Structure formats: C-alpha cells, structure tokens
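The values are calculated or read from the model by the stated rules, or taken from the named source; none is laboratory data. On a predicted model such as this, the values are computed, not experimentally measured, just so you know. Note: ideal-geometry Cβ built from the backbone for every residue, glycine included; neighbour counts use all protein chains shown. Note: areas computed on protein heavy atoms with side chains; ligands, DNA, RNA excluded. Shrake-Rupley method; radii C 1.70, N 1.55, O 1.52, S 1.80 Å.
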Amino acid sequence: RLFIVSETQRQLVAYYEKRMQDMLDRSNRDSWVNIYGVLTLIQKQLAPREEGKRGKIYDSLLGNAHELCQLLEHFNVSNDPELTRMRRELLGAIDGVTTDALKTEDDTREVVRRKGDALIKARDWGLDDESDVEVALADAA
C-alpha cells in the first residue's frame with residue numbers, strides 16, 4: 001500500500017513539473033515571437049519606398065515596442081539572459097525616438113531601421129512555422 005501511494009505521488013509530481021516547464025517554455029517562446037513581431041513591423045514601416053514616399057508611421061509603432069519592453073522587464077519568467085539582452089537592445093534602438101521624428105527625419109528612420117535589422121539578424125528566431133510568423137506580425141500590428 002505504501003508503495004502505491006509513493007508511486008502515485010511520484011507520478012503526480014512528475015506530471016505537474018512537466019506541465020509547469022511546458023508553460024514556462026511557451027511563455028518564453030511567446031516573448032520571443034512578440035519581439036520578432038515588433039522588430040519586423042518596425043522594419044516594414046521604415047523600409048525605403050518609392051522616391052519621395054514613406055511608410056505610414058503611427059504612435060502605436062513605438063508605443064507597442066515600449067510597452068513590450070516594459071512587460072518583458074517584469075515578465076521574463078524564465079530569467080532568460082538572452083531575452084533580457086534583446087529587450088535592452090530593442091529599447092536602446094527606440095529610446096529617445098519620437099513618432100514625429102520617424103515621420104519627418106529620414107536619418108532617424110534609417111538609424112532605427114538599421115538597428116532593428118541588426119537585431120533581427122543577430123538571432124536565429126526559430127520561427128520556421130509560418131503560423132508563428134503570422135501571429136507575431138498580427139500581435140505587433
């Protein structure tokens with residue numbers, strides 16, 4: 001009888017430990033997908049267009065990026081140092097930049113676009129699944 005109770009406890013502990021790890025992994029992956037989405041949207045909106053034309057810039061472009069950085073500061077549940085580094089670099093890329101500057105200053109647009117591009121290229125995002133990319137872009141918009 002003691003063996004059955006002990007074995008059942010071991011199985012329950014193993015089950016809940018796995019569930020907890022799965023939730024942490026999913027939360028971490030969601031954080032990376034969100035960063036990718038924000039960076040990709042910044043790239044898309046700041047990319048050079050036809051002569052004399054610019055992508056539309058809304059307050060939400062920078063607002064969403066700042067909001068994500070604030071959330072990740074407090075909700076990096078796995079204490080992933082790479083996620084912390086990426087959050088800091090994203091914040092550094094947009095810190096002090098205004099929506100008005102992005103709308104009117106080509107140099108500012110180019111600097112932010114290049115920084116975002118460097119952040120995207122600096123990591124293997126592991127987003128092989130097209131649905132992950134679509135989710136990231138939809139969430140960022």
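Set side by side, the residues Arg19, Arg10, Arg87 differ, and just one is free of Cβ contacts under 8 Å to residues at least 60 places away in the same chain, surrounded by 18 or more Cβ atoms within 10 Å (Cβ to Cβ) and not hydrophobic (A, V, I, L, M, F, W, C), which is Arg87. With the structure loaded, tell me whether Ser31 is open to solvent by 30 Å² or more (accessible area, probe 1.4 Å) and small (Gly, Ala, Ser) or whether it fails that test. The answer is no for Ser31. Considering only the stretch 31-90, how many residues are aliphatic (A, V, I, L, M), under 20 Å from Gly126 (Cα atoms) and outside any helix (DSSP H, G or I)? Of the residues in that region, 1 qualify. Consider the stretch 107-131 and keep the residues that are part of a helix (DSSP H, G or I) and modelled with pLDDT under 90. The one that is most open to solvent (accessible area, probe 1.4 Å) is Glu130.
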